[in-house]
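Shown next, in structure tokens, is the structure this report addresses.
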Amino acid sequence: MWNKLAYRNYFLTAIVINIGILLLLILFKSFLPPQAPLFYGRPMGEAQLTSTFGLLIAPGVSLMMTLLNLFLSLWAKDSFIKRLLAISAIVVSVLTAITITKIVSLVGFF
């Protein structure tokens with residue numbers, strides 16, 4: 001399956017980014033406050049806060065989207081669709097990594 005996957009390096013990179021962010025959040029949990037802002041679309045205050053493990057939501061969803069794109073890419077026949085799915089997986093993973101890195105750098109105790 002993996003050998004016949006088009007653009008497998010893109011998917012592999014996206015998966016590594018997501019798992020790396022998940023592992024870094026778990027490792028740096030002791031440097032983070034009990035609550036951190038994640039839901040910026042909500043009104044200011046406690047509605048924006050989540051627990052430290054709540055920060056795992058973003059890379060978890062990104063990883064699920066990457067895996068969904070990977071399986072859709074196996075099913076798709078058109079090479080443009082396959083490329084679009086692979087590139088969107090990379091973009092979502094990178095934007096998630098930037099968001100989580102920014103949150104950790106703002107609220108972390110380093």
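Every residue, every condition in (1) touching a residue at least 12 places away in the same chain (Cβ under 8 Å); (2) assigned to a loop (DSSP other than H, G, I, E, B), yes or no:
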| position | (1), (2) |
| --- | --- |
| LEU12 | no, no |
| LEU22 | yes, no |
| GLY41 | no, yes |
| PRO59 | yes, no |
| LEU68 | no, no |
| LEU72 | yes, no |
| LEU85 | yes, no |
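Kindly indicate which of THR13, THR50 is among the hydroxyl-bearing types (Ser, Thr, Tyr) and at pLDDT 95 or above. The unique qualifying residue is THR13. When region 67-104 is filtered for residues that are surrounded by fewer than 20 Cβ atoms within 10 Å (Cβ to Cβ), among the hydroxyl-bearing types (Ser, Thr, Tyr) and either more than 14 Å from the chain's Cα centre (by Cα) or over 23 Å from GLN48 (Cβ atoms) (or both), the ones remaining, listed by number, are SER79, SER88.
Applying the set (1) out of contact with any Pro (no Cβ under 6 Å at 6 or more places or on another chain); (2) part of a helix (DSSP H, G or I); (3) not basic (Lys, Arg) to ASN3 leaves exactly one unmet item: (2).
Considering each residue of region 26-38 in turn, at least one proves to be assigned to a strand (DSSP E or B), of a type in the set (Gly, Ala, Ser), surrounded by 14 or more Cβ atoms within 10 Å (Cβ to Cβ) and at pLDDT below 95.
The values are calculated or read from the model by the stated rules, or taken from the named source; none is laboratory data. Just so you know, these numbers come straight off a predicted model, no measurement behind them. With ideal geometry, Cβ positions are generated from the backbone for all residues, glycine too; neighbour counts draw on all protein chains shown.
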